[in-house]
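These notes concern the structure reproduced below.
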């Protein structure tokens with residue numbers, strides 16, 4: 001696969017461009033510690049991933065802040081911790097506080113010179129707008145779960161993506177879907193016939209973190225460990 005063969009990079013945002021695991025832990029760890037609940041970071045992240053997927057599947061029409069609030073309440077019940085409505089709402093509004101990965105903004109600014117850049121994210125538009133300020137680039141399209149009415153890995157999100165890019169004059173074979181989550185992104189994108197680039201931000205770490213485990217048969221077309229590595233790979237292809 002040659003990066004120079006593509007006209008558009010479509011990105012998952014959270015986990016790929018925004019360090020959502022660091023953001024999630026910054027929100028949940030103080031609450032867990034306050035109530036003397038002995039949970040490792042990976043246990044918190046894995047429980048979050050399970051409950052988030054359950055809530056998104058059960059109520060696909062809910063906006064993401066409401067999904068997060070429901071996740072918070074479900075975790076409180078699972079861990080037998082007190083959870084006020086104010087705490088649940090605060091966690092629901094936390095997306096804008098999640099930090100970007102250090103290499104995301106510079107990498108996107110470079111890639112913008114060579115591709116159309118499109119977001120396909122499991123959040124709402126207001127939440128993404130806060131994150132976009134940290135990414136410092138103008139995306140050519142932003143598609144959220146709010147726009148589609150469902151959450152990835154639902155294929156409707158990818159069907160919507162393909163239609164939007166077709167309207168921009170970009171054929172499916174010219175799209176490279178670029179994401180950290182094999183479960184939410186790589187598996188359904190592959191099923192839709194899209195080329196995929198796995199940004200394996202958890203390379204060298206055990207487990208799956210805040211995303212559910214993907215089927216062992218899921219194979220991305222290519223893999224990098226970071227956005228900086230993706231830029232380096234593109235630059236090498238241009239030189240060749």
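Values quoted throughout were computed directly from the atomic coordinates according to the rules given, and no laboratory measurement underlies them. Remember, it's a predicted structure, so these values are computed and weren't measured experimentally. Cβ atoms come from the backbone with ideal geometry, glycine included; neighbour counts cover every protein chain shown.
Can you give the angle from 0 to 90° between the axis of helix 227-239 and the longest principal axis of the chain, with both taken from C-alpha atoms, to the nearest 10? Rounded to the nearest ten degrees, it is 10.
Shown for 127, 90: other C-beta atoms within 10 Å of each C-beta, ranked fewest to most, produce the order 90, 127.
Counting every other Cβ atom within 10 Å of each residue's Cβ, 4, 144, 217 order from fewest to most as 217, 4, 144.
With the convex hull drawn around the C-alpha atoms of the chain, the volume per residue stands at 117 Å³.
In the chain, the longest principal axis of the Cα atoms and the axis of helix 125-135 are about 70 degrees apart. Each listed q (0.15, 0.16, 0.25 Å⁻¹) maps to a log10 I(q)/I(0) for the range 21-97, found by the Debye formula over equal Cα scatterers with no solvent: -0.45, -0.52, -1.33. For the chain, modelled as a GNM whose springs connect Cα atoms under 10 angstrom apart, the maximal fluctuation among 161, 63, 28 occurs at 28.
Where the centroid of each part is defined by its Cα atoms, how far is the range 59-124 from the range 1-36 in Å? A separation of 8 Å, based on Cα centres.
With an 8 Å Cα cut-off and a minimum separation of 6 or more residues, compute the relative contact order for the chain in percent. Working shown, then result.
Numbers: 386 pairs, mean separation 65.9, N = 240.
The value is 27 percent.
Return the single residue from 138, 227, 197 with maximal mean-square fluctuation; model: Gaussian network over the chain, springs between Cα atoms under 10 Å. Maximum fluctuation in the GNM of the chain, among the listed residues, is at 138.
Please work out how much length the chain gains when fully extended from residue 233 to residue 205, using 0.36 nm per residue of separation minus the C-alpha to C-alpha distance, in nm with one decimal. Working shown, then result.
Values: separation 28, 0.36 × 28 = 10.08 nm, distance 2.25 nm.
That pair, residue 233 and residue 205, stretches by 7.8 nm at full extension.
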